[in-house]
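Note sheet for the following structure.
The values are calculated or read from the model by the stated rules, or taken from the named source; none is laboratory data. Predicted model only: the values in this text are computed from it and were never measured. With ideal geometry, Cβ positions are generated from the backbone for all residues, glycine too; neighbour counts draw on all protein chains shown. Surface accessibility is based on the protein's heavy atoms, side chains included, excluding ligands, DNA and RNA. Shrake-Rupley method; radii C 1.70, N 1.55, O 1.52, S 1.80 Å.
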Amino acid sequence: MTKQKKTQSATTPMQQAVLKRIESGEVRMKSRVYFVLLTALTILATVAAGLVISYLVSIVTFIIRIQTANTPALGARANLSEALANFPWWAVVLAVGLVAVALWLMRTHGRMYRHKTSIVLLVLVASSVILGVGMSYAGIGHPESGMGVNHSTEQSPHDPGNGARRGWMK
Amino acid sequence: MRKITELSDEEIIALVRGDDVDAYGEIMARYESKLTRYVVYLIHDAMVANDVVQETFIKTYKNVQGFNPKYKFSSWIYRIAHNEAMNAIKMDKHITHDLDVEEVREAAYETTTIRDIDRSILKNDMQACLDSIDLKYREVLMLQYYEHMKYDEIADVLHVPPATVGVWAARGKSKLRVLCEKKGVHL
């Protein structure tokens, strides 16, 4: 069918106008790749938000564990103020930003709008918190530490706070 | 081979994705009057509604590759129309209760549609009451009673959870009753 015939087959002025714009090339379909990338971006933002929250939670858990350690953890306690002073606030800002982007992408381009935003947020944060606590106990999430948090809170009295001196609070 | 008029929306969209512009004409033919009456109800301006519907068809075509064929096409296109209507309202391109609106209403609603509507909110006088309630409640009731959508489909149009649609529908009906009674319309 020729382009002209297509336009003529439209029964109303609105349909004719739309088909004319499509046939003239003024209006084009966005490629499938665009939508695949959008989906990938949504997943990426969600995973990134989860990881940043987990990272923060692992640090907070680390601090809590130092304060509540049964062992003296002298070195770790001594470095606590330094640790707090070096707290990565940028990660907090990044986490909030990523969560906002992830939620927006999920709601506009996915079908997460079928669930309440509060529930989606709760699930994201709760799973990240669990992961973060797990990371803290496994000794992951403190860059350059090279050892677990366990090492900082369970160190021998001969080597107090060795683990706490290392890592993210450098 | 089946005629294009016998195909479902989703089947036609598959053709459109394969660059069949003619098939898109069929989609527009199916949805032009439905979307027009829907948008007219939202923005109360027949002229602007035409622009909104045209823009809806343009956006639908542009984003057709992003449509997931597992879901209903009608909910998707109504969602785009909803967004365009909300943009028009934000841009303050409205809102006059002109005569065209009444004409569109008269033309758009088939008697069979009316027959199906819940008896308690069936009366024509209810139109005035419906126009007086909040947009979100009005929209839910319109989609439910005039477009015959289920809560799930309305949720897809409004991008809210189906439970919220249920709440809005109940509140909308309740407000409608109160308003109608104030205006002397007994439901």
For B:Met47, what accessible surface area do you get with a 1.4 Å probe? Give it in Å², rounded to 10. 130 Å²
Each residue of region B:47-63 in order: what ³J(HN,Hα) in whole Hz does its phi give by Karplus 6.51 cos²θ - 1.76 cosθ + 1.60, θ = phi - 60°, with x for Gly and Pro? 5, 5, 4, 4, 4, 5, 5, 4, 5, 4, 5, 5, 5, 4, 5, 4, 9
Shielding of A:114-120 by other chains, given as the mean Cβ count within 10 Å, works out to 3
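How shielded is A:15-22 by partner chains, expressed as the average number of their Cβ atoms within 10 Å of its Cβ atoms? Before the final figure, lay out each step's value.
Values: counts 9, 2, 3, 13, 7, 0, 4, 8.
Averaged over the peptide's residues, the number is 6.
Going highest first, how would you order A:47-57, B:132-142 by mean Cβ packing within 10 Å? The partial results should precede the final answer.
Numbers: A:47-57: 20.7, B:132-142: 18.7.
The peptides rank, most packed first, as A:47-57, B:132-142.
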I'd like the FRET efficiency for B:Glu11 and A:Glu26, computed as 1/(1 + (r/R0)^6) with the beta carbon distance as r and R0 of 30 Å, rounded to 0.05. 0.65
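Measure up B:Lys62/B:Lys173; A:Lys30/B:Lys150; B:Lys150/B:Lys182 against 32 Å on the Cα-Cα distance and list the ones that go over.
In this structure, B:Lys62/B:Lys173 lie more than 32 Å apart at Cα.
Return the average number of partner chain Cβ atoms within 10 angstrom of each residue Cβ along peptide B:54-62.
Values: counts 6, 1, 1, 8, 6, 1, 1, 8, 5.
That works out to 4 on average.
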